[in-house]
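Bear in mind these aren't lab numbers, they're just calculated from the coordinates by the rules spelled out. Because the structure is predicted, anything quoted here is derived from the model rather than measured. Note that we place each Cβ from the backbone using ideal geometry, even for glycine, and neighbour counts take in every protein chain shown.
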Amino acid sequence: MASPAPEPADSAPTADAPSSPADGPEGPRTGPGRPPYRKLYRSPHSRMLGGVAHGLAVHLGLPVTWVRAAFVLLFFANGIGVLLYAAFWFVVPIGIGEPALGAAGWVWANGQFVPAGASGVTPDPLRKAGRGRVGRLRDLLQGTFQGEPVIAEQAVPGEPSAAASRRNAGQLAALLMLVIGVMWLLNALHLQSSQPYAWPLLAIGVGVALVWRQADDSRWARWFGLAGARRRSAVARVGAGVLLVAAGIIGFLVVEGTGNGVGAVLEASIAVLAGVLVLTGPYALRLWQDLGAERTARIRAQERAEIAAHIHDSVLHTLTLIQRRSEDPKEVQRLARAQERELRLWLYRPEAAAEAAPDTLAERIREVVAEVEDRHGVPIELVCVGDCPMDERIAAQMQAAREAMVNAAKYGGGGPVQVYAEVEGRTVLVFVRDHGPGFDPDTVPEDRMGVRESIIGRMKRNGGTARVRPAPDGGTEVELEMERAADD
Amino acid sequence: MTDAVAGTPGRTARVVLVDDHRMFRTGVRAEIGRTESTGIDVVGEADDVESAVRVVAETRPDVVLLDVHLPGGGGVEVLRRSAGVMGEPGGVKFLALSVSDAAEDVIGVIRGGARGYVTKTITGTDLVDAIFRIADGDAVFSPRLAGFVLDAFAATDTPPVDEDLDRLTQREREVLRLIARGYAYKEIAKQLFISVKTVESHVSAVLRKLQLSNRHELTRWATARRLV
């Protein structure tokens, strides 16, 4: 590959350049007061193929069209333009997260070049949405060689795998068609007869391109991630690349007339490869392990930071509040209880389960308990056995349970209220028990609606039963029984 | 917590506190360790697995108040390494005392041989009561532990390996549910028309099943059910 070539077209430094150090010498120029040195990236925004021209334009402060024109012109000079483009494509990393044409760049607007950003003209990063066949082919090319999704998806890690795999298949098909097409073109141009190496070289070139692009940093990062589909597609790409290169080399040998020696050459190559593997294996392994260790350390650090942030946000604030209001024991207790509950939930709740089923009985009753506890300042001990999804009947039962808890908190003598919920088959049982003086439901006057309507009536209306009875050694217990709705 | 912490008159129990938080040890000692009034004599303290095993072996207390989370392997490790002093008749008994809500922690120490589990929010009176019950050879189930156990033994998706061990009898389930509902032993006895002794024997049977149960997935299963 050609070394990163001098920029095409003499770069004329533009005048408006606080943020555009026109192509300066390589090296950091980030002195105080100076704008940060703008590295050369391929631009992911409004690119045609690899974003090279666009990136160069941004870097040099030139209108992108000029750069493109330069490439096209150079193409006719023995194809140097293509080689240059390819070299840039390989060597220059893509700048994910780069701004589109900044103040340094120019865009074509209203029949003239204007500095982008200066006139409210911004290149549309989503220009790629909804375009014709050519655009899609371009996407396929981009995707095939580097797995770079289109802009809209670039910011979203882990896109839907179904769509991704569909696109992968399309990309491979496009690659094949491209190869066939180029070969046909070469044939048509009678290059084949005069330059018999064109085919194998092309195959090798494409194969190398495929493999190389997989080594992109961001690709590696994703490799180490858990996205199985992506990883498989990357492996497939590398495999295809290796096959192409192998085919190219063999073709090369055949064309050269040493095809008979292919077997011997293969053997020798394998022997050399094996030797290299044996020699470098331990180092590679060590490198791999170091990488893993580093990654683990980084994840740990992140986790710790998250915990620290959580404790800072919640626990420390609560403790501060408690210190300030230490003369108000009720409030202090309320704060401490709420904080304890929150921290417990955060520490001990299995995350996956919580995300999978956001609205279940256990979840709901926990909310109800928290609410009543906070409002009435009486500790409520909740024990929940089993779990089930919420339905209308259970929702009614929860309302009744809430009422029972409120009663227990109000009249239960301030001692802890015990709540026990159990899901057994289709039956959901909730017990609410206090240790107060207790009362006889029969002596409650007719006009007191709390128990009769909110608890017993509500349960009846929804097809359940409620029993209110004195607990053996004082206190009251409310039992709520409900069958879950038939459909699951 | 109240000042009116009082044990059974005339009885004493020797206790070792194992917890890695010095403040907590100090607090518990201040609350239950007033020997004349509570009958509890705190004979040792430890703050990690190493020191806990050593102190327990040296002092041979009646009851060890054992934190679940400890540096050096946790409460389970203490239990494992204290199997020698635990096994013999009249040996050391362990009561797990934890802030943890995680079923695997709780079930883990119970299966490791602890005779009971209470949370750190327990009042001083109840803690003294629990210590004496443990010292007497009874098991102490808090409502929450009863919930964990019920959940772990509830609907089995795999056939039990040992029918006798892996199933709770109807009575045992009833007792556990009443504990989970916040009933005291006395109240359970009244409710089920049985004696307190019978309640105790049911609870001990459950504990034994829990500790001997063949179901390896017990803990995992309980965790998967996302208990409180």
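Fewest neighbouring Cβ atoms within 10 Å first, the residues B:THR169, A:THR320, B:THR119 line up as A:THR320, B:THR169, B:THR119. Extension gain, B:LEU192-B:THR59: 0.36 nm per intervening residue step, less the Cα-Cα distance, totals 43.8 nm. When the trypsin sites (Lys or Arg not before Pro) in the range A:367-438 are filtered for DSSP coil states and for at most 16 other beta-carbon atoms within 10 Å of their beta-carbon, the remaining sites are A:ARG426. Can you classify the range A:279-380 as rounded, prolate or oblate using the Cα gyration tensor, where a ≥ b ≥ c are the square roots of its eigenvalues, rounded means a/c under 1.5, and otherwise it's prolate if a/b beats b/c and oblate if not? Oblate, because a/c is 1.5 or more while a/b does not exceed b/c.
Among A:ILE249, B:ILE32, sorting on how many other beta-carbon atoms sit within 10 Å of each Cβ, with the fewest leading, yields A:ILE249, B:ILE32. Normalised by the number of residues in the range B:9-152, the average gap of Cα pairs under 8 Å and 6 or more apart makes the relative contact order 21 percent. Other residues within the sphere of radius under 14 Å centred on the Cβ of B:LEU95, judged by their own Cβ, net out at -2 (K and R +1, D and E -1). Per the Debye calculation on the range B:9-152 with a single equal scatterer at every Cα and no solvent contribution, log₁₀ I(q)/I(0) for q = 0.22 Å⁻¹ amounts to -1.53.
Averaged over the residues of B:177-188, the number of partner chain Cβ atoms lying within 10 Å of the residue Cβ comes to 6. Summing +1 for each Lys or Arg and -1 for each Asp or Glu among the other residues whose beta-carbon sits under 10 angstrom from that of B:HIS69 gives -4. Counting, for every residue in B:97-104, the Cβ atoms of other protein chains within 10 Å of its Cβ and taking the mean gives 3. At the listed q of 0.19 Å⁻¹, the Debye profile of the range A:357-483, built from one uniform point per Cα, gives log10 I(q)/I(0) equal to -1.02. The calculated FRET efficiency for the pair A:ALA305 and A:GLU340, based on their C-beta separation and a Förster distance of 25 Å, comes to about 0.60.
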